[in-house]
Amino acid sequence: MKRTEKFIRKFSGENRSILREYFYRTQNYYQGNRDAARFLQDEQKCISALLSQGDNLAFLTERLSFRADNDFFRKNDRAYALDTAAKLYPLVMGRYRASVFRLSAWLKEDVVPEILQCALNRVRPRFPLFSVVVKKGLFWHYLDGFNGHCRVMQDKDLPCYQIRLSGARSVPFRVVYYKNRISVEFFHALTDGTGGLIFLKTLLGEYFRICGVRFLYSEDVLNVTDPSEPEELEDGFEKIVSTLSPGGMSERKAVALNGKISFRRARAYHFVFEADKLRSAAASKSVTVTALLAGYILLATRDCSQGDGRIRIQIPVNVRKFYGLKTLSNCAMFTCVEMDRQKVTNDLEVFSEADRQIREGAGKENTERSVVKAVKLVKALHYVPLVFKRPAAKVYDTTITNHAFTHTLSNLGMVKLPKGISEKVEMLDFVIGSPVKNSGYLSMITFGKKAVLSYTTSNQNKEFEEKLLSYAEADGLTARVFGGQNYAD
């Protein structure tokens, strides 16, 4: 191609020969792809960026030659059914119902976008389930393979703004960067927090490998040259054989926070705690970190709401851990911590009760009952045409689901990165897109010495987060707080 040849001619001698050989192989790799010129331009920009850092051309082209040996970029005939847990999301999506979550890594140096772009191009063949577009079928939406170009973009918006899925090239995820932060956002129909975290960690691994960092691969930092495993593409719920009767949470209306909802002014905050102190505070009350947070949420909600009713906190449960599943699609169910608002009076009892409910509700039996209920519901609705499912699902979501919980709390726990990469990462964060009706989404992730609790809300009353922090401070937990309406700052 003319641009590639022009780029090569900037060099002389052995370097020109190295590049000519490299781009000959690269052109063959992308041959037949309608966006081949874009991919080749990415390679040129990445090489220029690495050379500007003093890298050796022979070494860096050797690293860039490390990529999947498959036909991902030459064929576009893959299609996947939405998993059981994901079928609702496309039915209820809308302008203010994005169902998007974000996972971010904050590096110790600024991101080089040209290297990040090449890393994404190499990671995508390892995650074919994510390189798709969402399409309408007769009975359900489905995922259709997409091997075109996906551009890494600078982050200029609040996290988790709507991912538009109407276009032929509208993939249900995005990779964005801002200064030293790399973020990946997913439409929830694609995957859950566990699957998304594996993608982010693999992307980080590839980014630093291209930079010349050596490390060992693991179960959740994947080698991009390995083929995807069949188990990664499966609907995990369909693998579970159970004789239990269906079960699940009540959908009664929950207590709501005081304040006015404004979708145009959604807010996202991060509370950065010292991980060791957070664990010590939980241990002092003989509860888990998740139960500790649930206790703070119950107390703060009591102070920031009115009247009778039950405060209800929805908590995701990773189903994979009970059955050894490797799926990268959605594989989570939910349990609930709930208490009558008027009974949230004694601090210690609040925490111990939250811990009891989580341990019981997040156990294998209750989780399996919820899975059985979800599978039976999907099967019962299978042959109802999509044209009827969608309006019914929106009514159900608006009138029942969005009022069923006061908050959602999701804790991805302690995350580890391979030696070589971990030293280059400052912290991680996990953000769930702003809710429609319920009062807020809280999400936590811990890496190294930092535990980051994120809070997103459309409620313009800031009393809840102030109360939440005050209860944490009463236990000796101080936090660095940042975020707000202009998240990038």
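Structural remarks
- Packing order of peptides 403-410, 228-235, highest average first: 403-410, 228-235 (average count of other Cβ atoms within 10 Å over each peptide's residues).
- Computed on protein heavy atoms with a 1.4 Å probe, the accessible areas place Met1, Met414, Met93 in the order Met1, Met414, Met93, largest first.
- Carbon plus sulfur fraction of accessible area for the chain, probe 1.4 Å, in percent: 50
- Dividing the summed helix terms, -39500 (n - 2.57) for each DSSP H run of n ≥ 4, by the number of residues in the chain produces a 222 nm estimate of -11000 deg cm²/dmol to the nearest 500.
- Over all other residues within a Cβ to Cβ distance under 10 Å of Pro159, the charged ones net out to -3, with Lys and Arg as +1 and Asp and Glu as -1.
- For the set Lys179/Lys449; Lys87/Lys135; Lys2/Lys156, the pairs lying more than 24 angstrom apart at their alpha carbons are Lys2/Lys156.
- Given Lys364/Lys467; Lys253/Lys389; Lys201/Lys253; Lys75/Lys108; Lys326/Lys424; Lys277/Lys416, the pairs whose alpha carbons are separated by over 30 Å: Lys364/Lys467; Lys201/Lys253; Lys75/Lys108
- Top positive-direction residue, dipole computed over the chain with Cβ charges, set Val452, Thr478, Ala68: Ala68
- Dipole axis of the chain (+1 Lys, Arg; -1 Asp, Glu on Cβ), positive-most option in Thr408, Phe139, Phe464: Phe139
- Applying a 4.7 Å Cβ-Cβ cutoff to the chain leaves Cys150, Cys160, Cys211, Cys304, Cys331, Cys336 as cysteine residues with no disulfide-compatible partner.
- Annotation: aspartates and glutamates with alpha-carbon distance below 20 angstrom to Lys10 (same-chain offsets under eight excluded): Glu21, Asp42, Glu43, Asp55, Glu62, Glu114.
- The magnitude of the dipole of the chain, with charges of +1 and -1 set on the Cβ of Lys/Arg and Asp/Glu and taken from the Cα centre, is near 1440 debye.
- Here the peptides 3-13, 110-120 are ranked by packing, the mean other Cβ count within 10 Å, and the order with the highest first is 110-120, 3-13.
- Packing order of peptides 379-385, 194-200, 456-462, highest average first: 194-200, 456-462, 379-385 (average count of other Cβ atoms within 10 Å over each peptide's residues).
The values are calculated or read from the model by the stated rules, or taken from the named source; none is laboratory data. Everything numeric in this text was worked out from a predicted model, so none of it was measured. So basically every Cβ, Gly included, is an ideal-geometry build from the backbone, and we count neighbours across all protein chains shown. Accessible surface is based on the protein model in full, side chains and every heavy atom, while ligands, DNA and RNA are left aside. Shrake-Rupley method; radii C 1.70, N 1.55, O 1.52, S 1.80 Å.
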